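Student: Have a look at the structure that comes next, please.
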Amino acid sequence: MIFGWLQVGKTIDVSRDEIPNWLQYHPHVVNFNGGVQGYTNNNMIYVAADQLILGNENFGVRGAGTFPCFKSSSQLTDPGRSMRCWRLPNWFYPSFDSSGQPQRTPLTYHKKQESWETHNDHVILKTTSPGQEFVFDTEEYPEAIEWLKSLFEDCC
């Protein structure tokens, strides 16, 4: 299920950057300052862009948010299968060469060909985790822009 979106407008490295006042109580800042194990390296905060813009298209919504309603098109889980099995449009498939290397950058953490099942009208992705932090590059997959626009129709 796609609950929301985040387009990164700015990154803040908690270990190096000045932390704005409005972020002083963010768990990554509090735990880093308190010396909690695991919060010393790669501790980034991603701040949303003001507007969601993909390609040259402004979607007319903020850079981060949640969808206010359920639509079947925002359900990723393949019906009748576990939450880790996502049914996606064919163009999500990164294609693999004969040595098993992806031809386009796949969705984060899904570089292995065995994670993907191809079908006539869709692909099944066996995901590695819940997916809240997966990153997808629309410059490599321009087909994604129309698909994403359809998720905002009738709901936002």
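The values are calculated or read from the model by the stated rules, or taken from the named source; none is laboratory data. The structure presented is a predicted model; accordingly, all values stated were derived computationally and were not measured. We place every Cβ from the backbone using ideal geometry, glycine too, and count neighbours over all the protein chains shown.
Student: If you go through the stretch 5-46 one residue at a time, how many are aromatic (Phe, Trp, Tyr) and modelled with pLDDT of 90 or more? Don't jump to the end; show me each part of the working.
Tutor: Start the filter on the stretch 5-46 by keeping residues that are aromatic (Phe, Trp, Tyr), which leaves 5, 22, 25, 32, 39, 46.
Those still in the list that are modelled with pLDDT of 90 or more too: 5, 22, 25, 46.
Total meeting the criteria: 4.
Student: Test SER95 against the criterion of being without any contact (Cβ under 8 Å) to a residue 40 or more places away in the chain and over 23 Å from THR66 (Cα atoms), and give yes or no.
Tutor: For SER95, the condition - without any contact (Cβ under 8 Å) to a residue 40 or more places away in the chain and over 23 Å from THR66 (Cα atoms) - is met.
Student: Moving on. Mind telling me which of the residues VAL135, VAL123 ends up being in contact (Cβ under 8 Å) with a residue 24 or more places away in the chain, touching a helix residue (DSSP H, G or I) at 6+ places or on another chain (Cβ under 6 Å) and aliphatic (A, V, I, L, M)?
Tutor: Exactly one residue qualifies, and that residue is VAL123.
Student: For residues in the stretch 98-156 being small (Gly, Ala, Ser) and surrounded by 14 or more Cβ atoms within 10 Å (Cβ to Cβ), which is nearest to GLN51 (Cα to Cα)?
Tutor: ALA144
Student: Out of all the residues in the stretch 1-18, which are under 11 Å from VAL29 (Cα atoms) and small (Gly, Ala, Ser)?
Tutor: Residue satisfying the conditions is SER15 alone.
Student: Just checking, does the stretch 48-59 include any residue being assigned to a loop (DSSP other than H, G, I, E, B), closer than 22 Å to PHE134 by Cβ and under 15 Å from the mean Cα position of the chain (by Cα)? Before the answer, list the steps.
Tutor: Narrowing the stretch 48-59 to residues assigned to a loop (DSSP other than H, G, I, E, B): 49-50, 55-56.
Checking the rest, the ones that are also closer than 22 Å to PHE134 by Cβ come to 49, 55.
Right, trim to under 15 Å from the mean Cα position of the chain (by Cα) and you get 49.
Looking for residues that are assigned to a loop (DSSP other than H, G, I, E, B), closer than 22 Å to PHE134 by Cβ and under 15 Å from the mean Cα position of the chain (by Cα), one finds at least one in the stretch 48-59, hence yes.
Student: Given the conditions (1) in the same structural domain as GLY9 (by TED's automatic domain parsing); (2) on the phi < 0 side of the Ramachandran plot, report the number of the one that GLY60 does not fulfil.
Tutor: (2)
Student: Which is farther than 23 Å from GLN7 by Cβ and either surrounded by 14 or more Cβ atoms within 10 Å (Cβ to Cβ) or in contact with a Cys (Cβ under 9 Å, 6 or more places away or on another chain) (or both), of CYS85, CYS69?
Tutor: Exactly one of CYS85, CYS69 is farther than 23 Å from GLN7 by Cβ and either surrounded by 14 or more Cβ atoms within 10 Å (Cβ to Cβ) or in contact with a Cys (Cβ under 9 Å, 6 or more places away or on another chain) (or both), namely CYS85.
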